[in-house]
Amino acid sequence: MTDDSTQAQAQAQAQALARPAARSFLADDDLTSAEQREVLELALVLKSDRHAEQPYAGPRSVAIIFDKPTLRTQVSFTTGVAELGGYPLMVDGSLARIGTRESVEDVARVLGRQVAAIVWRTFHQRDLEQMASFSGVPVVNALTDDFHPCQGLADLLTVAEHTGGLTARGPALAGRTFAYVGDGSNNMAHSYLLAGALAGMDVHIGCPPEYAPRADILARAEAIAAETGAAVAVHHDARHAVAGADAVATDTWVSMGQESEAALREAPFVSFRLDQDLLDVADPSAVVLHCLPAYRGKEISAEVLDGPRAVVWDEAENRLHAQKAVLTFLARRSLADAADAADAADAADSADSAASAAGATVAGARGPGLEEEP
């Protein structure tokens, strides 16, 4: 047997062992526009009453795995799971070494039989997708190199709260302009493109040409924008990106795992620093966001970060409410899917029983010792 056929056989066997995939949140566009709005509305409910939903009452456990450093993500997810009635089961990624010590598929199969959901902060999007494929329980992206969708939701919630985007029917962001300046190839830029377009916002990315968003992700955002009436654009002049924006966001120039490149990476971004001069070209009431940690004097000036238009502390709090809303949304979908599967199984059993009964009736009508003619 060739190596290729052996690998194909192994993949087929692994897929056969996979449980039916549950609804997960791996990238911002795993939600439709209507579902995104539903999650944001639920986040507002949970912000006003932090114990309004108890999907993990029991308590049921939620595995929370971190392969990257964390503060806000760990605190918000552990607090959130507890407030949803569950038990946050922390897993140290440096000890588990998922994908190295043990395959993602095997870990997924084990966790899926023991926990209600999995939250994973890791490097590779593909690993997260495998976890979702093989675990059979909802999986939530707590950050990968490609996307940071929970932060994207929290930021939309924050913008809605501070720019008059809250209506009697919940957040309404369509028609607003969201600008991001900095590394256009990082996870925050990618999430802003997708999440903003889903919300019907015009999204402007300001970045150096060599740090532009990934072409395939930009194409996904453009397709969404065409459906929601929004627009996405990439500018290589920061002032063009920020002009007239209702919200302006930035992020560190050196993401986790890129520390050795810090000195080389800073020079291209200097003209994209979010300082007062740049903020002045945005809408006069524009708010400033930063997912944190922030480095004053680098990607953002202290004057802006600590100024009256920065809403970063509300933004940090809203991680908690947005993530609780995501977990609740996925738990509801899992229950609905399980009910549908049970109904389908019952219907199949009823059909089999009816067919068996019909067969028995026909056989009885022929009488003993009679056989059907060929």
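A few points about this structure:
- Dipole axis of the range 150-317 (+1 Lys, Arg; -1 Asp, Glu on Cβ), positive-most option in Gly257, Ala226, His290: Ala226
- Likely footprinting exposure, His204, His240, His51, His162, fewest C-beta neighbours within 10 Å first: His51, His240, His162, His204
- Each residue of the range 305-311 is assigned a 3J(HN,Hα), and the resulting list reads 4, 9, x, x, 9, 7, 10 Hz, derived from the Karplus form 6.51 cos²θ - 1.76 cosθ + 1.60 (θ = phi - 60°), x at Gly and Pro.
- With θ taken as phi - 60° and the Karplus curve 6.51 cos²θ - 1.76 cosθ + 1.60 applied, the whole-hertz 3J(HN,Hα) list for the range 263-274 is 4, 6, 7, 5, 4, x, 9, 4, 6, 10, 5, 8 Hz, x standing for glycine and proline.
- Gaussian network model of the chain, springs between alpha carbon atoms under 10 Å - residue of Met131, Met201, Met90 with greatest fluctuation: Met90
- Placing +1 on each Lys and Arg Cβ and -1 on each Asp and Glu Cβ, with no other charges, gives the chain a dipole about its Cα centre of roughly 860 debye.
- Cα-based reach from Lys324 at 27 Å (exclusive), listing lysines while leaving out same-chain residues under 8 positions away: Lys47, Lys68
- GNM result for the chain, Cα springs below 10 Å: residue of Gly182, Gly257, Gly112 fluctuating most strongly: Gly257
- If you model the range 43-148 as an ellipsoid using its alpha carbon gyration tensor, with each semi-axis the square root of five times an eigenvalue, the axes come out at 24, 15, 12 Å, biggest first.
- Size of electric dipole in the range 150-317: Cβ of Lys, Arg +1 and of Asp, Glu -1, about Cα centre, debye, nearest 20: 240
- In angstrom, the C-alpha Rg and Dmax of the chain are 24.7, 98.
- Estimated vicinal HN-Hα couplings, Hz - the range 40-48 in sequence order (Karplus 6.51, -1.76, 1.60; Gly, Pro = x): 5, 5, 5, 4, 5, 4, 6, 6, 7
- Potential extension, Ala21-Arg332 segment - 0.36 nm per residue separation minus Cα distance: 110.5 nm
- Most mobile listed residue (Val137, Val110, Val232) in the chain, GNM with C-alpha springs under 10 Å: Val110
- Fraction in percent of alpha-carbon pairs per bin - 10 Å, the range 192-343: 10, 31, 35, 15, 6, 2, 0
- Signed unit charges on C-beta, dipole axis of the range 129-282, positive-most listed residue Ala160, Ala172, His240: Ala172
- Considering helices alone, the calculated mean residue ellipticity of the chain at 222 nm is -15500 deg cm²/dmol, with DSSP H runs of length four and up weighted by -39500 (n - 2.57) and normalised per residue.
Quick note: the coordinates plus some simple rules give every number you see, no bench work behind them. Because the structure is predicted, anything quoted here is derived from the model rather than measured. Glycine also receives a Cβ, built like all others from the backbone with ideal geometry; neighbour counts cover every protein chain displayed.
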